[in-house]
Amino acid sequence: MPRSGRACRAARTTLLRGSATVALAALLLSHSLGCAARHRPFAGFVEEPGQAPDERILIIGESVEKRPLRLHLFGEPPYRTFIFAAIHGDERSAVSLGGALVDHLRTYPRDRQGAGVAVLPVANPDGVLRNTRQNANGVDLNRNFPASNWTRLPRSNRHGPEAASEPETRAVVRAMRELRPERVISIHSIHGGRECNNFDGPAGQLAQLMARFNRYAVTSHIGYPTPGSFGSWAGRDQGVPSITLELPRDIGPEASWRSNGPALLAVISTTSGAEARLAE
Ligand SMILES: [Zn+2]
């Protein structure tokens, strides 16, 4: 880490520990080294100590039942790739792949090849605890994004009372606003041999790149309507390349990482310009 980065981190850590005088001195030092001039996403957000030298953990919001939503930042900005998992709480293989990715990035920092990456391993912690697709309000969070195709269901709360009504949805929206990623992968799982690299927006080449590693089909249609999905909002409405990675529902943790770890690392370490070349 560069000297100024270390000073910034020392200032943040000291602030967390609550020693005002020492924190002020550390902040003055970090300012003199120039770190204040560099844009760092999530300024002012609550931060926890990372478990690796190149990791920051930000609390980007909380669930309906007040569980913290932890975003792990590896490396320095820009965080070109944003990966989130388990927005559907009953998709266990997605939960395990999100956790495995965080563990891997902590253990093998060189595998991201210097690229900054942001990972939200559990986007729906209440649903994971209850083993339900929906959050604690009974809302399917992947139908709650403020997409142009969001619809309120008659006599049902499943899409939420309004777009982005749920705190977990708003946390992901906030992460997008802070990170401004060049590409996003949301990790899900699906029954019946329909695993795929489903893409929205200009992400066809990215999906092809992933398919070279995980051998899943590449498709722009999942086969049923998904109003208010993340892909509709970020991919189709805003043109941010977005992949919905659908794992086999019953794949075990080791097989899941073996098939998909290299695909995720390939996306993290590629630069936008190289995508087309790599996918050819
Ligand atoms: Zn899902």
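Under Stokes-Einstein, with the Kirkwood radius over Cα pairs as Rh, the value for the stretch 129-212 at 20 °C and 1.002 mPa s is 145 µm²/s. Taking the Cα centre of the stretch 89-167 as reference, the dipole from Cβ charges on Lys and Arg (+1) and Asp and Glu (-1) amounts to some 100 debye.
In order along the stretch 129-141, the phi-based Karplus estimate (6.51 cos²θ - 1.76 cosθ + 1.60, θ = phi - 60°) of 3J(HN,Hα) comes to 5, 8, 6, 10, 4, 7, 7, 5, 8, x, 9, 6, 4 Hz; Gly and Pro are listed as x.
Put a dot 7 Å past the Cα of T107, heading toward its Cβ, do the same for Q238, and the two dots end up 3.3 nm apart. Which shape class, rounded, prolate or oblate, goes with the stretch 44-279 when its Cα gyration tensor gives a ≥ b ≥ c as root eigenvalues, a/c under 1.5 marks rounded, and past that a/b bigger than b/c marks prolate? It is rounded, given that a/c, with a ≥ b ≥ c, falls under 1.5. Between D250 and T132, full extension at 0.36 nm per residue minus the direct alpha carbon distance yields a gain of 40.9 nm.
Each value in this text was obtained by applying a stated rule to the coordinates, not by laboratory testing. This one's a predicted model, so the numbers in the text were calculated from it and none came from an experiment. Note that we place each Cβ from the backbone using ideal geometry, even for glycine, and neighbour counts take in every protein chain shown.
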